[in-house]
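Working notes, structure below.
The values are calculated or read from the model by the stated rules, or taken from the named source; none is laboratory data. None of these values were measured; they are calculated from a predicted model. Here the Cβ is made from the backbone with ideal geometry for all residues, glycine too, and neighbour counts use every protein chain on show. Just the protein is used for accessible areas: all its heavy atoms, side chains included, with ligands, DNA and RNA removed. Shrake-Rupley method; radii C 1.70, N 1.55, O 1.52, S 1.80 Å.
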Amino acid sequence: ALQVFADNALGKYMDKRNSPDVQGTSRLSPHLRFGEASPSQIWHSVRELAAARSSESRGAEGFLRELVWREFSYHLLHFWPELPEQPFREQFAAFPWRSNAANLAAWQQGVTGYPLVDAGMRELWQTGWMHNRVRMVVASFLVKHLLIPWQDGADWFWDTLVDADLANNSASWQWVAGCGADAAPYFRIFNPILQGTKFDPAGEYVRRWVPELAAVPDNRIHEPWRMSAAEA
């Protein structure tokens, strides 16, 4: 898997890693999770490849930053073992989250009505994996649109992701929620419409996982409720 990534996607990593309709990421996370490849092995292999292929150094540098970010999650979990349950930033302990079983179920099943969110959640359910950019979008939607606790989202990812990793899962959900280390600020929201328009402009990813939208025009694929009667 590492060799496939190196041969096909490493050089284009910085340009393609945010596009969910192409295989622009390494897909090494399940192998890291189960110890089939170590961070050290990947680190040195990618550095050697970058040294041999100077044109791929930019992609390699970007990828290695993500690998280090993953390892930082282990640092956090080691020194703050309560990370999976409690907010890293204590002021968030009293945040007025909402408990809404119906909204949580709609998110889990990919029937929120927001195409990019639904595509990601259906990809997760059907494959056990989800593109990283889309993970951030669906996580933001749960905690900042629906105001459902990040722990509920982390629990669902833990149950469904083939690469579910306690440290990375916990730290990443806290980052999106705004209560983690170096977290996205509370006012940063991943707008699912703008994110879809930017990273899935032709709607190929959405159409793959939300087939009922297959006939929607490209300019409406991320907000089909704006279609006119003529377009419908």
Q. For N103, which of the numbered conditions (1) surrounded by 14 or more Cβ atoms within 10 Å (Cβ to Cβ); (2) over 23 Å from I148 (Cα atoms) fails to hold?
A. (2)
(Q) With the condition being hydroxyl-bearing (S, T, Y) and touching a residue at least 60 places away in the same chain (Cβ under 8 Å), I'd like the helices (runs of 4 or more DSSP H) fully within region 1-89 carrying at least 1 qualifying residues. (A) 29-33, 57-79
Q | Residue count, region 168-183 (criterion: more than 17 Å from W129 (Cα to Cα) and either open to solvent by 10 Å² or more (accessible area, probe 1.4 Å) or of a type in the set (A, V, I, L, M, F, W, C) (or both)) | A | 8
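Please count how many residues of region 143-154 are in a helix (DSSP H, G or I) and touching a Pro at 6+ places or on another chain (Cβ under 9 Å).
5
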Q | Residues of region 13-57 that turn out to be touching a helix residue (DSSP H, G or I) at 6+ places or on another chain (Cβ under 7 Å) and polar (S, T, N, Q), as a count | A | 6
**Q.** Residue list for region 184-232, restricted to those being farther than 21 Å from M130 by Cα and under 19 Å from the mean Cα position of the chain (by Cα)
**A.** P185, Y186, F187, R188
Q: Run down A139, A164 and say which single residue is in contact (Cβ under 8 Å) with a residue 12 or more places away in the chain, closer than 30 Å to A37 by Cβ, assigned to a loop (DSSP other than H, G, I, E, B) and open to solvent by less than 20 Å² (accessible area, probe 1.4 Å).
A: A164
Q) Just checking, which of R65, R58 is surrounded by 14 or more Cβ atoms within 10 Å (Cβ to Cβ) and at negative phi? A) R58
Q: Pick out the one residue from W125, W107, W158, W175 that is touching an Asp or Glu at 6+ places or on another chain (Cβ under 8 Å), aromatic (F, W, Y) and assigned to a helix (DSSP H, G or I).
A: W175
Q: Kindly indicate whether any position in region 184-201 is in a helix (DSSP H, G or I), open to solvent by 10 Å² or more (accessible area, probe 1.4 Å), of a type in the set (S, T, Y) and more than 25 Å from S29 (Cβ to Cβ).
A: yes
